[in-house]
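Read the structure below first, then the notes.
All of the numbers you see were taken from the coordinates with simple rules; none came from a lab. It should be emphasised that the depicted structure is a prediction, and the values quoted were computed from it without experimental measurement. All Cβ positions, even for glycine, are placed from backbone atoms using ideal geometry, and neighbour counts span all protein chains on display.
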Amino acid sequence: MEFDTQTLDGSVEVIRPRGRLTMISTAGLRTLVTETVDGGSTRIVVDLSATEFIDSSGLGALIAGLKTARQAGGDLRIACPTEQVEMVLKLTNLDRVLRPHPTVEGAFGAA
Amino acid sequence: MPPEAHRLPGGTLARPEVLDLAQDLLEEVWTCYPDVVAADRMGIATAVGEIVANVVEHSGQPVPPRDVEVDLSVAVGPDRVEVVIADTGDPVQVDLGAVTMPDDEEAENGRGLALTRLVADEVAYEREDGWNRWRVVRLRGR
């Protein structure tokens with residue numbers, strides 16, 4: 001799995017996984033979030049518009065990332081989930097913990 | 001399984017690549033059955049993804065040490081999609097009736113089977129002749 005990254009105004013880091021977020025790719029996402037936070041960027045948006053499929057490992061990686069960002073005084077938000085991702089978030093009630101935003105720019109408010 | 005089942009190649013070993021092989025196979029199946037609606041495709045993909053991930057995860061250190069083979073076949077009927085995932089790993093201890101989402105909403109693990117049960121109408125496990133066999137059924141258009 002590939003991860004595109006981008007910095008938005010206001011020092012928000014965007015991570016955009018491309019493909020299926022499953023067992024094989026979750027280690028990469030966890031590492032990337034940790035490195036981003038260690039690098040001083042604690043506000044992260046995971047743009048899920050190119051994540052065609054997620055499983056429970058992928059959910060675990062998002063939650064782990066959320067905890068990492070929050071422990072560093074920041075936050076991790078998700079945006080633009082695809083249909084299957086949205087379905088899985090709802091069924092697991094993780095749409096309350098991870099609260100998907102409709103846009104990347106709006107995930108940390110004002111834009 | 002009826003003869004028009006779609007299947008992984010025989011002798012496929014339980015390795016992480018199988019997660020992608022399984023999803024690729026499903027995508028191939030949908031091209032043959034374009035009238036399977038999106039909700040059913042996603043439900044089956046999700047259930048299969050969880051079970052295959054469990055198979056691969058638990059195939060790491062079998063006793064006695066050996067290659068674990070995995071078999072996966074998909075059959076689409078007018079009213080249902082049925083997938084059978086079988087593997088030669090060690091027997092699985094699971095009480096499918098007792099599976100729920102973790103109490104801790106920030107738990108990083110433990111949702112797979114609960115999720116499978118939400119997207120499938122039937123999830124059954126049996127052990128026969130050295131094979132674990134998971135059967136997942138989704139009723140179409142529910």
A student applying the Cα gyration tensor rule (rounded when a/c is under 1.5; otherwise prolate if a/b is larger than b/c, oblate if not) would label the stretch B:1-82 prolate
Using Cα-Cα distances under 8 Å and only pairs 6 or more residues apart, what relative contact order does chain A have, in percent? 25 percent
How crowded by other chains is B:103-114, given as the mean number of beta carbons from other chains within 10 Å of each beta carbon? 5
Of B:D87, B:D20, B:D40, which is the most mobile in a GNM of chain B whose springs link Cα atoms less than 10 angstrom apart? B:D20
Name the residue, out of B:R111, B:R80, B:R41, whose mean-square fluctuation peaks in a Gaussian network model built on chain B with Cα pairs under 10 Å. B:R111
GNM on chain B, C-alpha springs below 10 Å: top fluctuator among B:N109, B:N132, B:N54? B:N109
The rounded separation in angstrom of the Cα centers of the stretch A:24-41 and the stretch A:81-111 is 19 Å
Ignoring everything except DSSP H segments at least 4 long, calculate the 222 nm mean residue ellipticity for chain A; use -39,500 (n - 2.57) per segment, divide by total residues, nearest 500. -12500 deg cm²/dmol
Please list the helices of chain A that count as membrane-span-like by this rule: a mean Kyte-Doolittle hydropathy of at least -0.5 together with Cα atoms stretching 20 Å or more along the helix axis, each helix being a complete DSSP H run. A:23-38, A:56-71
What is the mean number of Cβ atoms from other protein chains located within 10 Å of the Cβ atom of each residue in peptide A:52-63, rounded to a whole number? 6
With the dipole of the protein assembly as shown worked out from charges on the C-beta (+1 for Lys and Arg, -1 for Asp and Glu) around the Cα centre, which of B:T46, A:L66, B:L19 lies farthest toward the positive end? A:L66
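Would you mind giving the mean number of other chain beta-carbons within 10 Å of the Cβ of each residue in B:30-39, as a whole number?
Counting Cβ atoms of other protein chains within 10 Å of each residue's Cβ and averaging gives 1.
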Need one number for chain B: average projected area of the convex hull over its C-alpha atoms, nm². 9.1 nm²
Alpha-carbon gyration tensor eigenvalues x 5, square-rooted, for chain A, Å: 19, 15, 13
